[in-house]
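Asks: Supplied in structure tokens, the structure appears directly below.
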Amino acid sequence: MIDGRRLREISEYFKILGSHTRLGIIELIGKGVHHSRIAEELNVSLPAIFKHLELLKSKGIVKKEISGDGTVYVLTERGKALLFQIKKFQDIVWDEKREEYEKLLDEIEGEMQRL
């Protein structure tokens, strides 16, 4: 069993990942999208994006880097690992949803054939 301290640490990450905006930020940063473009993509104000980025930075998920164009945010190794796990989880959920959808379509098709 995981000890209490580790469970609290893990729960903090789940709180952070509980925001669809932060999940979107992590995904877009992983694609190399600049923070100003992220605000447009997610339809969120730039100040709000910066607040999310600071939280993600405080947990070691993103970091600031200086480039020729100014400051950019990039995923840390921890952030890359999180993004990988998020995508893996998304694939599992999508496969389950697709299977449910296919089953429903089969049921509908069966009902239509009986009519």
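Asks: Kindly check whether there is at least one residue in segment 60-69 that is part of a helix (DSSP H, G or I), without any contact (Cβ under 8 Å) to a residue 60 or more places away in the chain and out of contact with any Asp or Glu (no Cβ under 7 Å at 6 or more places or on another chain).
Replies: Filtering segment 60-69 for residues part of a helix (DSSP H, G or I) gives none.
Taking every residue of segment 60-69 in turn, none turns out to be part of a helix (DSSP H, G or I), without any contact (Cβ under 8 Å) to a residue 60 or more places away in the chain and out of contact with any Asp or Glu (no Cβ under 7 Å at 6 or more places or on another chain).
Asks: Exactly one condition in (1) part of a strand (DSSP E or B); (2) under 14 Å from the mean Cα position of the chain (by Cα); (3) not charged (D, E, K, R) is not met by residue 25; state its number.
Replies: Going through the list (1) part of a strand (DSSP E or B); (2) under 14 Å from the mean Cα position of the chain (by Cα); (3) not charged (D, E, K, R), residue 25 breaks only (1).
Asks: Does segment 77-114 hold any residues that are of a type in the set (S, T, N, Q) and either in contact with a Pro (Cβ under 6 Å, 6 or more places away or on another chain) or within 21 Å of residue 20 (Cβ to Cβ) (or both), and which are they?
Replies: First pass over segment 77-114, keeping only residues of a type in the set (S, T, N, Q): 85, 90, 113.
Those that are of a type in the set (S, T, N, Q) and either in contact with a Pro (Cβ under 6 Å, 6 or more places away or on another chain) or within 21 Å of residue 20 (Cβ to Cβ) (or both): 85, 90.
Asks: May I pose another question? Please work out which residue is surrounded by the most Cβ atoms within 10 Å (Cβ to Cβ), limiting yourself to segment 70-85 and to residues that are touching a residue at least 24 places away in the same chain (Cβ under 8 Å), among the aliphatic types (A, V, I, L, M) and over 16 Å from residue 34 (Cα atoms). Please lay out each step first, then the result.
Replies: Our first condition is that a residue be touching a residue at least 24 places away in the same chain (Cβ under 8 Å); within segment 70-85, this holds for 72-75, 79-80, 82-83.
With the extra rule that they be among the aliphatic types (A, V, I, L, M), the set shrinks to 72, 74-75, 82-83.
So of that shortlist, the ones also over 16 Å from residue 34 (Cα atoms) come out as 82-83.
Details: 82: 22, 83: 18.
Residue satisfying both the conditions and the ranking: 82.
Asks: Report, ordered by the first and then the second residue, all pairs with beta carbons closer than 8 Å, sequence separation of six or more or different chains, a first member in segment 86-103 that is part of a helix (DSSP H, G or I), and a second member that is not hydrophobic (A, V, I, L, M, F, W, C).
Replies: Pairs found: 86/27.
Asks: Let me ask something else. Which ones in segment 41-59 are exposed (fewer than 12 other Cβ atoms within 10 Å of the Cβ) and in a loop (DSSP other than H, G, I, E, B)?
Replies: Within segment 41-59, 43, 45 qualify.
Asks: Of the residues in segment 5-35, how many are over 22 Å from residue 88 (Cα atoms) and surrounded by 12 or more Cβ atoms within 10 Å (Cβ to Cβ)? Explain how you work it out, then say what you get.
Replies: Looking only at segment 5-35, we keep the residues that are over 22 Å from residue 88 (Cα atoms), and these are 5-6, 8, 34-35.
Then keep just the ones that are surrounded by 12 or more Cβ atoms within 10 Å (Cβ to Cβ); that gives 34-35.
Adding up the residues that qualify gives 2.
FYI, it's all coordinate maths here, none of it is from the lab. Note that this is a predicted model, so its numbers are computed, not measured. FYI the Cβ positions are ideal-geometry reconstructions off the backbone, even for glycines, and counts take in every protein chain you see.
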